[in-house]
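Novice: Here's a structure for you.
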Amino acid sequence: MRVMRLMGILNVTPDSFSDGGRHAGVDAARAHAERMVAEGAAWIDVGGESTRPGARTVPVAEELARVLPVVRAVRGLAPVSVDTRRAAVAEAAIDAGATLVNDVSGGADPAMFPLVARAGVGLVIMHSRGEPDTMQGLAAYDDVVGEVWAALDARFDAAVAAGVDPSRILLDPGIGLPKTTAHNLRLLHALAPHARRRPVLVGASRKRFIGELTGQAVAADRVEGSIAVALWARQAGVAVLRVHDVGATARALAVWDAVAGAPA
Ligand code: HH2
């Protein structure tokens, strides 16, 4: 089974590094990135817009001001991914050193796939519906697994048609965005056949459905539940896991891998 790599989450939104873009925020972001890399992150995912259902849409200028100084500050530590739905932000982040675009809208901006193709960088295509501030009412599916993967395959084909290198595309079912707990569980349960077909990325870390299952209202408390998903994803053959708690996840995976690799 292929190695699963960890993508460490570096949010530069007001609810995390509140003054992202200013000196203190950049220093804090860099220190956090250094720690995640020391703990085993293979990627640093820099995001300047919260994509949580209900979150406010951020003006492009504000997103750029948050993201660019941080990309520059962390680019020497590990490969940098930029979590954005906007081609203008992705382009500036690529110029600043990002080598992967993590697009939670799956290429809704028509300039995104051509940009990724031109720049020759990697691409995460995530399944989502609507915009963060409008997606809450859109979590209705007849067959969530079939619909999400059919939509992802169509976006994959569109990206390749636009010139993106297919070997540099990761597909992501978009846990929680917008999906109910039941939808998330079905998507996670059905990961393995899709992870065999294409490289898959999963982002379930600290998400609300874990809190619903464990009774934990505070996102930062949901570490054990997040690790349970990490181990499940590992077993399913997922290529990249987007996480907040890099060290705890890496340690759990080291034990899982040792058991899985032991002689029969
Ligand atoms: N989830 C969030 C953000 N970006 N990217 C990918 N590829 N997959 C995900 O599941 C995903 C993502 C969640 O949004 P946010 O509100 O920004 O929370 P956080 O970044 O702390 O997870």
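The values are calculated or read from the model by the stated rules, or taken from the named source; none is laboratory data. Just so it is clear, the structure is predicted and the values come from calculations on it, not from any experiment. Neighbour counts run over all protein chains shown; Cβ positions are idealised from the backbone, glycine included.
Novice: Could you grab me the full set of residues in segment 240-259 that are in contact with a helix residue (DSSP H, G or I) (Cβ under 8 Å, 6 or more places away or on another chain) and farther than 16 Å from Leu187 by Cα?
Specialist: Within segment 240-259, Val243, His244, Asp245, Val246, Gly247, Ala248, Thr249, Ala250, Ala252, Leu253, Trp256, Asp257 meet the criteria.
Novice: Moving on to the next point. Do we find a residue being within 16 Å of the ligand (Cβ to nearest atom), acidic (Asp, Glu) and surrounded by 13 or more Cβ atoms within 10 Å (Cβ to Cβ) anywhere in segment 138-147?
Specialist: The answer is no, given that none of the residues of segment 138-147 is within 16 Å of the ligand (Cβ to nearest atom), acidic (Asp, Glu) and surrounded by 13 or more Cβ atoms within 10 Å (Cβ to Cβ).
Novice: Would you mind telling me which numbered condition in (1) touching a Gly at 6+ places or on another chain (Cβ under 8 Å); (2) over 30 Å from Gly137 (Cα atoms); (3) away from the ligand (no atom under 16 Å from the Cβ); (4) outside any loop (DSSP other than H, G, I, E, B) Arg2 fails?
Specialist: (4)
Novice: Now a separate question. Residues being of a type in the set (A, V, I, L, M) and surrounded by 21 or more Cβ atoms within 10 Å (Cβ to Cβ): count how many of those fall in segment 205-222.
Specialist: 1
Novice: Applying the selection to segment 29-70, what residues are within 16 Å of the ligand (Cβ to nearest atom), over 19 Å from Ala93 (Cα atoms) and hydrophobic (A, V, I, L, M, F, W, C)?
Specialist: Met36, Ala41, Ala55
Novice: A further question on this structure: Is there any pair linking a residue in segment 163-176 that is over 14 Å from Ala239 (Cβ atoms) to one that is in a loop (DSSP other than H, G, I, E, B) and of a type in the set (Ser, Thr, Tyr), with Cβ under 8 Å and at least six apart or on different chains, and which?
Specialist: Here the result reads Gly174/Ser128, each pair linking segment 163-176 to a residue that is in a loop (DSSP other than H, G, I, E, B) and of a type in the set (Ser, Thr, Tyr).
Novice: Working only within segment 116-150, note down all residues that are within 17 Å of the chain's Cα centre (by Cα) and at pLDDT below 95.
Specialist: Correct list: Arg129, Glu131, Pro132.
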